[in-house]
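The values are calculated or read from the model by the stated rules, or taken from the named source; none is laboratory data. From a predicted model like this one, the values you see are computed outputs, not experimental measurements. In this analysis, Cβ positions are derived from the backbone assuming ideal geometry, glycine residues included, and neighbour counts consider all displayed protein chains.
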Amino acid sequence: MFTNDNDRLIYEEELAPRLPEKIFDAHVHIWSKADFPADFHFHEKSCNNRFGGEFTMAMWRSIVAELLPRQECHLNCFGMPNDAADRDKLPEGALPGDFINVLVSPADPAELVEERIVRSGSTGVKPYLNYGAAFYHKPANDVEIKDMLTPSQLAMLDRRKLAVTLHIPRSGRFADKLNQRQMIELCDKYPNIRFVFAHIGRAYFMKNIYESNLDEFVKYPNAYFDTAMINHEGILKYTFDHFPAERVLFGSDAPISFLRGKSVEINNQYAYLMGEDYAVGTSIVDTENAVKFTTFFYEQLRAIINVTPKEHLADVLYNNAQRVFLR
Ligand SMILES: [Zn+2]
């Protein structure tokens, strides 16, 4: 069993009465050890080791069946965007209603990316900043959005009308002016690509979203945001107050979201309070078991249920994603 008595109580009392029948998680990482060289290991405390160094579709299905026993669940997934992962390997085990994406580096010719997309039936791509850093020999903090996808990759994605799930770079995240400009440029220049800016532009604390240009995206119908790892009601509320709920997608960032913990804002920063001894970004581990944690996944659902306008809850939790990924 993955869930404990406390989780089951949360589901029965808080979640089940309010969740729709179908849930779509737009941000899941699915990978197997076979995607990596035989001698590859994640750092000992890496959250990627929580489920034995891999996270297969079968593992996702079995955990989600425990966490949401009365919901029909589907996902949009991509591999683990690590430099050592073989980008030719794609998540296996998708069922009708599930979508998969190709990991993409600027090192990959557009024709190769297209071949992987066609072969796997993928509906989009997932670039990541470490690939841009490796290809352009830049420190990870100096990577720009324009280093993450090449013009020829973008032209191909636009021609095929695919989706891009983009985790924006740079330490200022959504408050960074260069990011803001380059995000808008993408939406403007490639109207057939649906851009899903992950983690609401990585704005995990209020000051970051106050200084964002969220309102500017309203006029770009191809701009979307996923809520991966956001359990901050203030961030979600600000998003719904400034941006159409029709273009907000629930995403969890599983398997990280299946660890026990909660993200908290502290003095214009944020940290992950961890209920188990793994590192997720800036982590504070509750070594003394001072509090009983549930999963990040439940904390995210709690926040979404509390803040999403009622009439849009089923859209955010399922329907909106169909417009993004179904082709
Ligand atoms: Zn992710």
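Based on what the data block shows, is residue 72 of a type in the set (D, E, K, R) and in contact (Cβ under 8 Å) with a residue 60 or more places away in the chain? Taking the combined requirement at face value, the residue does not satisfy it.
Tell me whether the range 31-47 contains one or more residues that are surrounded by 20 or more Cβ atoms within 10 Å (Cβ to Cβ) and either modelled with pLDDT under 95 or at positive phi (or both).
yes
In the range 191-216, of all residues being more than 14 Å from the ligand (Cβ to nearest atom) and β-branched (Val, Ile, Thr), the one that is farthest from residue 166 (Cα to Cα) corresponds to 209. Among the criteria (1) farther than 19 Å from residue 130 by Cβ; (2) more than 16 Å from the ligand (Cβ to nearest atom); (3) crowded, with 21+ Cβ neighbours inside 10 Å, the one residue 176 does not fulfil is (1). Return yes when residue 68 is surrounded by fewer than 19 Cβ atoms within 10 Å (Cβ to Cβ), at pLDDT 95 or above and of a type in the set (A, V, I, L, M, F, W, C) and no when it is not. No. It is to be established whether one or more residues within the range 108-120 are touching a residue at least 24 places away in the same chain (Cβ under 8 Å), touching a strand residue (DSSP E or B) at 6+ places or on another chain (Cβ under 7 Å), of a type in the set (Ser, Thr, Tyr) and under 18 Å from residue 224 (Cβ atoms). There is no residue in the range 108-120 that is touching a residue at least 24 places away in the same chain (Cβ under 8 Å), touching a strand residue (DSSP E or B) at 6+ places or on another chain (Cβ under 7 Å), of a type in the set (Ser, Thr, Tyr) and under 18 Å from residue 224 (Cβ atoms). Please determine whether any residue of the range 311-323 is more than 25 Å from residue 162 (Cα to Cα), touching a strand residue (DSSP E or B) at 6+ places or on another chain (Cβ under 6 Å) and crowded, with 19+ Cβ neighbours inside 10 Å. Taking every residue of the range 311-323 in turn, none turns out to be more than 25 Å from residue 162 (Cα to Cα), touching a strand residue (DSSP E or B) at 6+ places or on another chain (Cβ under 6 Å) and crowded, with 19+ Cβ neighbours inside 10 Å.
With the range 152-227 as the region, which helices (runs of 4 or more DSSP H) entirely inside it contain at least 1 residues that are on the phi < 0 side of the Ramachandran plot? So that I can check it myself, show each step before the final result.
Numbers: elements: 177-189, 199-202, 206-210.
Hits in the range 152-227: 177-189, 206-210.
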